Ligand SMILES: *Cc1c(COP(=O)(O)O)cnc(C)c1O
């Protein structure tokens, strides 16, 4: 009898107007979202030389294992990480030489960008960025229906600051990944300062690869309330799997973001402790940046020796090159030899773009030998 009652009740609920209306809205949204592809992750090829995601393999695995060993002794996973992000923020502030009330953290810088879009942007917001830009950011804009205007990179994969600014009149917000993923291009510091001076809305400068470049704009936040600099442990510190991102912005934004928008416990205890320990050992890590930069120039020089490729300058830990109509052949031949790189295809006038991460000397040599073959 109870089962029958339940059936009756369910039927009456399904028939109610409210239920139908909610269902329709839900279905509509679901249909709309199902048309999106989402961020396309690289294919996992097990045992391959992984040069497809700009990770940092120059940092020895043992270095990270030591960090985790030390970190696990410092946390009790039974507890919520109360006070944990605050502790990491204060260490980050010291490391960056900025006040701690201007630093916030996220579960990877992806999450910071996502929370920003979800809370500050609507379908009416217009964002100015470059073409290409960070693919995750573009996908997230699509998810929230935020409009983006893109300024095309030149044939040399550079951007002209005045041309970029000329498109900013109707924009509410600027997002630039600097250095840019995937081109490796970075505006000069003067050009970035020009953008900050001339543009009135918020400017997000994503410095995920800042440590491999010539400069950072973190110190400009102090005098520029419209600047938000996003950074991460993923690339420089070789901690992509830990999901540790952070930002530097004005006090008011930082306070509202950390107190209201961000989850109460965005980072797990182990990640917090590893992050703190990694900062303590940052001197050991910084020597790795110069090694990666040197290797980057070697890879560029070597790729340029084949006139079939267009190879672009880079300020990051990867190199973009156009293999033209041979891109699939090069990509597949490398994959057959167990080397995974990123296939990007058409970017502007360049039809067959490929992006390769700079790894250890040995990894890069293997890649270059395979290219030669
Ligand atoms: C890799 C990358 C990030 C991301 O990182 P998290 O791992 O989420 O911190 C952010 N921006 C750009 C441009 C990137 O390439």
Potential lengthening between residue 169 and residue 70 on full extension [0.36 nm per residue; Cα-Cα distance subtracted]: 30.5 nm
Estimated inter-spin distance, residue 290 and residue 305, nm [label 7 Å along Cα→Cβ]: 2.5
Protection-proxy order for peptides 224-231, 145-152, each taking the mean of Cβ atoms within 10 Å per residue, highest first: 224-231, 145-152
For the chain, built as a Gaussian network whose Cα springs stay under 10 Å, the top-fluctuating residue of 106, 184, 47: 47
Nearest 10 degrees, 0 to 90: helix 109-120 Cα axis against the chain principal axis: 50
Angle in degrees between helix 61-72 and the longest Cα principal axis of the chain, rounded to the nearest 10: 40
Per residue, the convex hull volume that the Cα atoms of the chain enclose (Å³): 191
Rounded tilt (10° steps) of 2-15 against the dominant C-alpha axis of the chain: 70
Inter-label distance for residue 281 and residue 23, nm, one decimal - labels placed 7 Å from Cα along Cα-to-Cβ: 5.7
Packing-based order for 267-274, 186-193, 255-262, 75-82, using average beta carbon neighbours within 10 Å, highest first: 267-274, 186-193, 255-262, 75-82
Over the chain: helical MRE at 222 nm, DSSP H runs n ≥ 4 each giving -39500 (n - 2.57), nearest 500: -13000 deg cm²/dmol
Distance in nm between pseudo-label sites at residue 335 and residue 87 (7 Å out along the Cβ direction from Cα): 4.5
Gain upon complete extension [residue 53, residue 214; 0.36 nm per residue less C-alpha separation]: 55.8 nm
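Values in this text are rule-based calculations from the coordinates and carry no lab data. All values derive from a computational prediction rather than experimental measurement. Counting neighbours? That spans all protein chains shown, and the Cβs are built from the backbone with ideal geometry, glycine included.
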